[in-house]
Amino acid sequence: MSLTSLLIFILMLFSACSNTEYNEEDIEIFSLKKSFELAEQYLGLIKNNNIEEANKLCTQKLIDNNKKILTGTSDIIAFAPDNVIESSKSAFITFNVIRNSQSEPKCDLDNYAIKVIKEGDNYKIDEIKAINLKQVFVRNKSLRMISEDGGKSDLIISLNNIPKDAYLKENELMLYKEKVPSDKFGPISLGYKGKKIAISTISENRAFISIAFIQESKEAQGGANSQGESGGNTQQQGGNVENNLEDLVDKPIAKKVIHVDLLNDVTLDNLVFTQEERYLIVEYLNSNEVKRMKVYNSASGDLVDLNFDEIIPSDKYNIELIEFKKDQFKIKVIPKSGVKDINEDILGEYNVGIESKVIKKI
């Protein structure tokens, strides 16, 4: 083959490849990106209790089979993507979902599998399956966890094991400790892998916040007689032992508990980890009954100085968490009901960069 013929052949080959790529772009295939965005949008609407708009994202078959799509006894407070299973015409997008009860210290870690299909030019949610992975609850002044296989629950920590005193993180010079409030458990929240638990204990208008790190498996306990105390305790406590013996002999599954902060003159509203669990967001009402928030490093417990009070005064303006992705989150600033002299320029939505510590109005 001559050099000229070889060049012509190469040009024809490239031309054929170029035409093939062009044709493939013209073919509208199933988009995994659009499927993920739809599933994420759906959970966001459910989180904000916007059931009507969430239903618009579903197929008619799913709506007909679920005439009452309600949030139930607990609310979705956060979710993080877990996995994707893709086929040529559909995709299952799975999320780890955190649900909290507003009436008691209780938290659930669920896994949602959301099937997305394509109907004509539109993407729709066609199926939703959910399983409960872990549940944290309070019993006998102890925080306990039960996993998806059910059976016996595991002790995480009891009120008796909460530190007796701690430093306030807002004090730059930590010379004095304060008594830790520990009358009862307040809001709690699981991490998305079930390996971290944000815990609060409260007494009136004071709150202590900590993070427990859960070990992979609990070591089996020896018989109570190995401690040389079982018989005497049983006789002394009588019928109460039947209810409390499990708590007495259980070994806590929390391998480490770090101190996050001690807050005065607050009412805790919510605890939630960011999606990568690097930070803990604490939402609370301050002494002015205004909703505020603080952010902490979940590994060290250190306060992240975001200077909310310098930008958004704490006496008149509520800060509400809207959504977050990785180490950024979005807030909405609204005025406290009934207050006067509101600066309209402060109201609205802001993006908050935790790493950059930049708060920028949208």
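The values are calculated or read from the model by the stated rules, or taken from the named source; none is laboratory data. Fair warning: this is a prediction, and the values are worked out from it, not measured in the lab. For neighbour counting, all protein chains shown are included, and Cβ atoms are generated from backbone atoms with ideal geometry for every residue, glycine included. Quick note on the areas: whole protein, heavy atoms, side chains included, nothing else; ligands and nucleic acids left out. Shrake-Rupley method; radii C 1.70, N 1.55, O 1.52, S 1.80 Å.
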Matching residues in the range 75-112 - criterion: being of a type in the set (Val, Ile, Thr), modelled with pLDDT of 95 or more and in contact with a Phe, Trp or Tyr (Cβ under 6 Å, 6 or more places away or on another chain): ILE93, VAL97
For the range 170-180, check the following and say yes or no: at least one residue is in a strand (DSSP E or B), more than 18 Å from LEU280 (Cα to Cα), modelled with pLDDT under 95 and open to solvent by 10 Å² or more (accessible area, probe 1.4 Å). yes
Within the range 301-322, can you find the residues that are exposed (fewer than 13 other Cβ atoms within 10 Å of the Cβ) and polar (S, T, N, Q)? ASN307
ILE322 - would you say it is aliphatic (A, V, I, L, M) and assigned to a strand (DSSP E or B)? yes
Could you list, in sequence order, all residues of the range 13-31 that are modelled with pLDDT of 50 or more, surrounded by 10 or more Cβ atoms within 10 Å (Cβ to Cβ) and of a type outside the set (A, V, I, L, M, F, W, C)? SER31
Failed item, numbered, when VAL136 is tested on (1) of a type in the set (A, V, I, L, M, F, W, C); (2) touching an Asp or Glu at 6+ places or on another chain (Cβ under 9 Å); (3) modelled with pLDDT under 90: (3)
Per-region count, the range 135-152, residues free of Cβ contacts under 8 Å to residues at least 40 places away in the same chain and farther than 23 Å from ILE76 by Cα: 1
Per the filter on the range 263-301, residues among the aliphatic types (A, V, I, L, M), touching a residue at least 24 places away in the same chain (Cβ under 8 Å) and part of a strand (DSSP E or B) are LEU263, LEU268, LEU271, VAL272, LEU280, ILE281, VAL282, MET293, VAL295
Unique match (being modelled with pLDDT under 95, in a strand (DSSP E or B) and aliphatic (A, V, I, L, M)) among VAL241, VAL257: VAL257
Here's a check for you: in the range 325-340, which residue that is touching a residue at least 12 places away in the same chain (Cβ under 8 Å) and not in a strand (DSSP E or B) is most open to solvent (accessible area, probe 1.4 Å)? LYS326
What's the number of the only condition in (1) modelled with pLDDT under 95; (2) farther than 23 Å from HIS259 by Cβ that ASP305 fails to meet? (2)
Kindly indicate whether LYS164 is within 17 Å of LYS256 (Cα to Cα), among the charged types (D, E, K, R) and either open to solvent by 50 Å² or more (accessible area, probe 1.4 Å) or in contact with a strand residue (DSSP E or B) (Cβ under 6 Å, 6 or more places away or on another chain) (or both). yes
Anything in the range 113-132 that is touching a residue at least 24 places away in the same chain (Cβ under 8 Å), under 14 Å from LEU57 (Cβ atoms) and of a type outside the set (A, V, I, L, M)? List them, or say none. LYS115, LYS118, GLU119, TYR123, LYS124, ASP126, GLU127
